[in-house]
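Asks: Have a look at this one.
The values are calculated or read from the model by the stated rules, or taken from the named source; none is laboratory data. This one's a predicted model, so the numbers in the text were calculated from it and none came from an experiment. Heads up, the Cβs are rebuilt from the backbone with ideal geometry, glycines too, and the neighbour counts pull from every protein chain shown.
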Amino acid sequence: MDIAQIYAKYAKDLNFDDLPLEVVDHTKKLILDIMGNDIGGYEWMDSGPSIVNGIRHINRGNSGSTVLATGEKMAPEWASFANASMAHSLDYDNHHAKGVIHAGGSVVNCALAAAEENNSNGKELITSVVIGYEIACRLAMALGPHSSHEMGFHPTGTCATFSGSAIIGRSRKMSEEEIVNAMGLNGSQAAGSMQYVFNGAWNKRTHPGINTHSSFIAATLAQSGFIGAAEVFEGKQGFLQGYALRPIPENATKTLGKSYETLENAIKPFPLCRYNHQTLDLVIDYQKKYDVETSKISSIIIDMPTYGVQLCGSPIELKRNPKSAVDAQFSGCFAAALALTQEKADMKTFTNVLNTGMSAEFRRLLSITDIQQADDLDAIHPEFWPGRVTLIIDGEKVELYGKHMRGEKERPMTIVEVQEKFRDLSPNHAESKRMEVFEVINNLENATIDDLLSPLRK
C-alpha cells in the first residue's frame, strides 16, 4: 500500500477503545487549548473580526457548524476556516517539535466541524482528533527538519490539509478509496508561503483555515466520484518531492498505530513564536527569583538553533524595533524585554505592552539584546528545542540554559493550567459558560458534540 492508502485504512480502523488513557487525557487538553485559541484569535487580534466578516460575505445560510468566538453557525467548510485561522492568529496554539508544525488549529477545528455536521459523540471526536494529529505530524516529519521551510513552505499550512480529509472521511463514513482520492486532490491544494515573515502580514494566520476548507472541498468531491492523484505523497512529483529539499518518506508511516505523536504536541504557555519560549521561561523564572533591577543589565545574548535565529533574530534591527504584534511574536529581543520587565507573558500582558507603548527602559533592553546561532543547540534540534540566555549584570555574567520547554511532555501543563489559559483568551465570555465547557471536556468521552459547543452558541 502507498502512504495515502495506509492513512485511509488507519482513519477507518482506529477505535476509541484502542487509545491509551494518557492519549485520551492529553487529547482533551489539546482540544480545550485550540478552542481557547479559536476565541482568543477573535478577541485579541485585529485579523479575527476581519476573517469572520469576510467569511460572512461568502457563506450562505446560518446552519452547519459553530464559529466558537461569535456563536454563529456557518457551513462546515467556512466555520472551520474561521476557527482554524483564528486558532493560529496568536501563535499560541499547540506545537509538535520534531515536525516543526502547529497541527492543532487545523486538526481540532476540522474535527469539531465534521462532528457537528454528522452529530458525532465525544468518543468519536477524540478519535478523529488523534487521527488528525497522527497523520499531520508524521507528514511534517517526513518533509525532513526545516527542509520545507527552506523552500519557503509553511508545514502548518500544507500537511494538515491531508489529515483533514481523513477526519472528514471517517466522520462521513466514506470508503477508503474515497479518502485516498480526497488526499490525492489535497496534493493540489496544500499551500502556505513563508513570505509573510518579512512584513508582519497576516497570511500565516489563515494557513490552517485554508487547509481545513480545502479538506472539506476535497472530501466532498471525492464522495461525488472525483479521482485524485495516485501516490500523492511519494510519487515522482508528489507532495514530499515537491515541498521538501530532504524528504524522509519512511517517517510518514513509521510506528503509525504503535506509538502516538499526539503526545508530542506541546501546549504553549506564551503567545509568541516557540523559538522564544526558552528565553521567556528562563528569564521569567530568573527574574521572579532574583528581581534584578533591569538598569543593571548591560547586555543580553540569546543563543538559538539556526532556524530560530532566522525567524526571531534576523534582521536584528527589525527584532529590536517591532512595529506590530507579528513582529513582536517573532522577536527574541521583545521576548527578553517582556520577561525582564513584566515577569509574565500571558495574552493580556503581551497586548498591554504593545497597546500602551514600550517604555524607555523596555526599548533600551531591546537595543542591548543580540541573538546568535549556537552549534551545540543545533546538534539536538528539532528533537529538542533548547535555548540559552546570557545576561551581563553589573559586569557579572549569568548564563541560563534550558533543554525542555514548559508544555512539552517532560514538563506538561496541567488541565487546570490549560483552563487558566482558556480564561485569559476569552475575556468576554461568562465564567459560567467557561465552566460548562471545562466540565464537558473533563468527561468528553461520555458527552456529545452539542454538550461541548452549546455553551458557546448564540
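Asks: Pick from Pro247, Pro271: which is modelled with pLDDT of 95 or more, out of contact with any His (no Cβ under 6 Å at 6 or more places or on another chain) and assigned to a loop (DSSP other than H, G, I, E, B)?
Replies: The match here is Pro247.
Asks: On the given criteria, is Ala8 assigned by TED's automatic domain parsing to the domain that holds Glu124, in contact with an Asp or Glu (Cβ under 6 Å, 6 or more places away or on another chain) and either buried (at least 24 other Cβ atoms within 10 Å of the Cβ) or not in a loop (DSSP other than H, G, I, E, B) (or both)?
Replies: Values: assigned by TED's automatic domain parsing to the domain that holds Glu124: yes; in contact with an Asp or Glu (Cβ under 6 Å, 6 or more places away or on another chain): yes; either buried (at least 24 other Cβ atoms within 10 Å of the Cβ) or not in a loop (DSSP other than H, G, I, E, B) (or both): yes.
Yes; evaluated as a whole, the condition is true for this residue.
Every residue, every condition in (1) assigned by TED's automatic domain parsing to the domain that holds Gly187; (2) in a helix (DSSP H, G or I); (3) farther than 13 Å from Gly187 by Cα, yes or no:
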position: Ala201; (1), (2), (3): yes, no, yes
position: Lys204; (1), (2), (3): yes, yes, yes
position: Pro208; (1), (2), (3): yes, yes, yes
position: His213; (1), (2), (3): yes, yes, yes
position: Thr220; (1), (2), (3): yes, yes, yes
position: Ile227; (1), (2), (3): yes, no, no
position: Phe233; (1), (2), (3): yes, no, no
position: Gln237; (1), (2), (3): yes, no, no
position: Gln241; (1), (2), (3): yes, yes, no
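Asks: From the list Ser128, Ser85, Ser171, which residue is in the same structural domain as Gln241 (by TED's automatic domain parsing), within 24 Å of Ser454 (Cα to Cα), within 13 Å of the chain's Cα centre (by Cα) and crowded, with 22+ Cβ neighbours inside 10 Å? Quick ask: steps written out before the conclusion?
Replies: Details: Ser128 fails: within 13 Å of the chain's Cα centre (by Cα); Ser171 fails: within 13 Å of the chain's Cα centre (by Cα).
One residue alone meets the criteria, Ser85.
Asks: Let me ask something additional. What pairs can you find where one residue is in the stretch 84-113 and within 12 Å of Glu264 (Cα to Cα), the other is of a type in the set (Ser, Thr, Tyr) and modelled with pLDDT under 95, and their Cβ atoms are less than 8 Å apart, with a gap of 6+ or different chains?
Replies: Filtered contacts from the stretch 84-113: Val100/Tyr307; Ile101/Thr156; His102/Thr156; Ala103/Thr156.
Asks: Taking the stretch 305-338 as the search range and keeping residues that are surrounded by 20 or more Cβ atoms within 10 Å (Cβ to Cβ) and β-branched (Val, Ile, Thr), which one is farthest from Tyr196 (Cα to Cα)?
Replies: If we take residues in the stretch 305-338 being surrounded by 20 or more Cβ atoms within 10 Å (Cβ to Cβ) and β-branched (Val, Ile, Thr), then Val309 is farthest from Tyr196 (Cα to Cα).
Asks: Restricting to the stretch 131-159, name every residue that is in contact with a Phe, Trp or Tyr (Cβ under 9 Å, 6 or more places away or on another chain) and either among the aliphatic types (A, V, I, L, M) or not assigned by TED's automatic domain parsing to the domain that holds Met174 (or both).
Replies: Ile131, Ile135, Ala136, Leu139, Ala142, Leu143, Met151
Asks: Another question, if that's okay. Being among the small types (Gly, Ala, Ser), farther than 30 Å from Asn119 by Cβ and at pLDDT 95 or above narrows it down to one of Ser454, Ser432, Ser426, Ser367, so name that one.
Replies: Going through Ser454, Ser432, Ser426, Ser367 in turn, the sole match is Ser367.
Asks: In contact with a Pro (Cβ under 8 Å, 6 or more places away or on another chain), farther than 19 Å from Met74 by Cβ and buried (at least 24 other Cβ atoms within 10 Å of the Cβ): which single residue out of Gly192, Gly104, Gly144 fits that description?
Replies: Working: Gly104 fails: in contact with a Pro (Cβ under 8 Å, 6 or more places away or on another chain); Gly144 fails: buried (at least 24 other Cβ atoms within 10 Å of the Cβ).
Residue meeting the stated conditions: Gly192.
Asks: Any idea how many residues of the stretch 128-157 are part of a helix (DSSP H, G or I) and at pLDDT below 95?
Replies: 6
Asks: Anything in the stretch 394-418 that is surrounded by 20 or more Cβ atoms within 10 Å (Cβ to Cβ) and farther than 30 Å from Ala374 by Cα? List them, or say none.
Replies: Matches in the stretch 394-418: Val418 only.
Asks: Answer yes or no as to whether Lys409 is within 30 Å of Cys333 (Cβ to Cβ), assigned to a loop (DSSP other than H, G, I, E, B) and of a type in the set (Lys, Arg).
Replies: yes
Asks: Mind checking which helices (runs of 4 or more DSSP H) fall wholly inside the stretch 283-397 and carry at least 3 residues that are more than 27 Å from Asp93 (Cβ to Cβ) and either touching a residue at least 24 places away in the same chain (Cβ under 8 Å) or not assigned by TED's automatic domain parsing to the domain that holds His149 (or both)?
Replies: 360-367
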